[in-house]
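The values are calculated or read from the model by the stated rules, or taken from the named source; none is laboratory data. Remember, predicted model here, so these are calculated numbers, not experimental data. Here the Cβ positions follow ideal geometry from the backbone for every residue, glycine too, while neighbour counts run over all protein chains shown. Note: accessible area is taken over every heavy atom of the protein model, side chains too, but ligands, DNA and RNA are not part of it. Shrake-Rupley method; radii C 1.70, N 1.55, O 1.52, S 1.80 Å.
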Amino acid sequence: NVCDWSNWEPSFRRLVRQLQYDSTTQADPSEEPTPSVSPYQAITFPFTPAETLEVLRTYGCDIQGKARKIASLLSITPPPPIDGVRNRFRIAYMSSDFGEHTTGVNVVSIFKQHNQDRMHVFAYATSPSDGSKTRRRTEAEAETFRDFHELSSLQMAFAINADGIHVLVDLNGHTLGARSHVVALRPAPITVFDQGFAGSSGGVATHFNADKVSLPPEYSIHYTEQILYMPHFSNPLNDHREAFSYLAEPLSAADFPPSAIGLPEGKFVFGCFNTAYKYSPAVLDAWAEILRANENSTLWLLRWPEVEENLQAEARARGLNKESVVFTEVLPKETHLRWKAVLTDLFLDTFAFNGHGTISQMLWAGVPSVTLPAQRIGQRIASSLLLSSPAAHFVARNEHDYVALAIALSRGRGSAKLKAVQAQLRSDRLDMALFDITRYVANYERLLRMVWEAAATTDWGSRQGQGVPAGEWDACTDQGTSRSGRRGKG
C-alpha cells in the first residue's frame, strides 16, 4: 500500500461486488473457490465484519479441504491424561516468526514465565533461524524447541501428535509462512488462533484468543471459533520492563533536538508510526482537520517507500502545507523509542487498522494515543490497550469526537490534562496489568487449562479432525458458554 487513493472508491466498490459474486460461486460444487481478496486484505480493507468472515471462511474451507485429502494417512491418538506428576499439561506454540519479527519479539518473554511444575511448553519453528538474539532466546527458554521448517504438513502433524500436545497455539494465522494445514489436521484436540492475525481462522482452528474490548461477545458471530476471553489485553506484549528498561531513567530534551531528525522546533507534535497500509482517506481527512485547527502543530510520520509523495499530495488537497506533515527515516531499533518519547506529544491512531505493538510501546514511553474503535478486532485492539491504561478516556466515540479530542488536548487547558496523563503513564507503567507478562501468562495458563478440562469430559476432546461447539470462555468467571446455551466449568 503506497497510499495512492486516486481511484479508491470505485475500485473498492468493484471489489465488494466481486466478493458478492465469489460468495455465490462458492455454493456451486463445480466451481473451484478462488477468492478475489486475500485474508490480510479482508482484515485491513473497510469490509463489513460479515464480508470479512466470508473471505476467511473461503480460505478456511480450502485449507480444510486439502487437509481432508491427506488426513487418512495420519493416525491421531489422544494426548496423555494430565496427572500432575509424570504427565504435565502440554502447550505448543507454532510460528514461522520466532526471530526478529513483531510476533517473535512479543512472545519471546512468555516461555520462561510458564509454570514448569505444571506445564510442559513446546515451541515449533516453521522457518529457519535468522540468527537473531530473539531466535536464540526462544530456543533456550522454551522447555522443548523443535525446528520443523523442513517437514511437510503431514510430518509436522505426526510429530506434534507424538509429543502428546493438549493445546496447539498457532501464532501465524493467515499470514506469510503460516502452516495452517497442520492446524486443520488437528494433531492436538485444542487449536488456538492467537497473536499474528486479527481475524477468524475461517474454521481451521477450534478457538480464538481475545478480550471483551477487542472482541465484544456480540461480535463473536463473525468468528467460527470458540472465543477465549482474557481478563486484560489478549495478546502477550514483549516484556517492556526488560526491552525498554532504559526509559526508566529520565530523558533530557536537550539530548534529542527536533531538528536533528528533521522535525520543526517549538511545535506541538502529533505522531503516527503505524505502517503505511493502515492509512486511509478517512483518517487523513481527520488529521487534516486537526492540523488546520492548530497551526502550531505538525504531524510526524515515518518515511516508507513511495508513500511520502502520495501523502504529501493528499495533504495539499486538504489544505495543508508541506511543513504540516513531516516524514523522517525509520529510526534505529536501539534508540527509536527514546526519540519518540521525548518529541511526540500525542499519538494519532489509524481507523482502518489500529496500531497494536506500536501503541503499546508509546504508552510505555509515556505517550498516550487517541483512537476510534469500529467493529473488527483489528480496529479495536488500540481501545483495549488504552482502556487498560491511564489514557482510557482517549477512546473516541466517532470521527467528530476523535478530531475534537485531539484538538482539545493540543492546546489550552487540554494540554495540561495531556501532560498529567503523560506523567501518570510514566509513573504507573511498572504496575499496569497491561505490561505484566507474569500475570498474562498465569491467566493464559488458567484459561487453557479450563478449556482442556471441559474438553476432556466430552467426546469431541479426543476425536481426530473434529471441531468444538462455538461459544465463549471467560478467564474472569471460570466458565464457558456455547452458543446453544450449554455452560461448562473448568
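So here's what we get for this one:
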| read-out | value |
| --- | --- |
| F158 being within 21 Å of V192 (Cα to Cα), in a strand (DSSP E or B), at pLDDT 95 or above and out of contact with any Lys or Arg (no Cβ under 6 Å at 6 or more places or on another chain) | no |
| Count - residues of segment 58-83 that are crowded, with 18+ Cβ neighbours inside 10 Å and in contact with a Ser or Thr (Cβ under 7 Å, 6 or more places away or on another chain) | 2 |
| Some residue of segment 187-197 being modelled with pLDDT of 95 or more, at positive phi and among the small types (G, A, S) | no |
| Any hit, segment 107-120, residues being assigned to a loop (DSSP other than H, G, I, E, B) and touching a His at 6+ places or on another chain (Cβ under 8 Å) | no |
| Residues that are surrounded by 16 or more Cβ atoms within 10 Å (Cβ to Cβ) and over 23 Å from the mean Cα position of the chain (by Cα), drawn from segment 99-138 | M119, H120 |
| Test set (1) touching a Lys or Arg at 6+ places or on another chain (Cβ under 8 Å); (2) free of Cβ contacts under 8 Å to residues at least 40 places away in the same chain; (3) open to solvent by less than 40 Å² (accessible area, probe 1.4 Å) - T44 fails condition number | (2) |
| Filter result for V37 (of a type in the set (A, V, I, L, M), open to solvent by 50 Å² or more (accessible area, probe 1.4 Å), modelled with pLDDT under 95 and not in a helix (DSSP H, G or I)) | no |
| Residues that are among the charged types (D, E, K, R) and buried (at least 20 other Cβ atoms within 10 Å of the Cβ), drawn from segment 409-444 | R429 |
| Qualifying residues in segment 333-347 (those that are out of contact with any strand residue (DSSP E or B) (no Cβ under 6 Å at 6 or more places or on another chain) and touching a residue at least 60 places away in the same chain (Cβ under 8 Å)) - the one most open to solvent (accessible area, probe 1.4 Å) | R338 |
| Enumerated helices (runs of 4 or more DSSP H) restricted to segment 348-441, each holding at least 3 residues that are in contact (Cβ under 8 Å) with a residue 12 or more places away in the chain, over 28 Å from S245 (Cα atoms) and of a type in the set (D, E, K, R) | none |
| Strands (runs of 3 or more DSSP E) contained entirely in segment 180-236, each with at least 3 residues that are within 17 Å of I91 (Cα to Cα) | 190-193, 207-211 |
| Filter pass, L247 being part of a helix (DSSP H, G or I), modelled with pLDDT of 95 or more and surrounded by 15 or more Cβ atoms within 10 Å (Cβ to Cβ) | no |
| Close pairs from segment 118-134: first under 9 Å from H149 (Cα atoms), partner hydroxyl-bearing (S, T, Y) and not in a helix (DSSP H, G or I), Cβ under 6 Å, at least 6 apart | T126/S96; S127/S96 |
| Meets criteria (under 21 Å from H101 (Cα atoms) and hydroxyl-bearing (S, T, Y)) for Y229 | no |
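Each row is one residue, and each column tells you yes or no for (1) free of Cβ contacts under 8 Å to residues at least 24 places away in the same chain; (2) more than 30 Å from H336 (Cα to Cα).
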{"site": "S152", "(1), (2)": "yes, yes"}
{"site": "Q155", "(1), (2)": "yes, yes"}
{"site": "P187", "(1), (2)": "no, yes"}
{"site": "D194", "(1), (2)": "no, no"}
{"site": "S234", "(1), (2)": "no, no"}
{"site": "R241", "(1), (2)": "no, no"}
{"site": "F244", "(1), (2)": "no, no"}
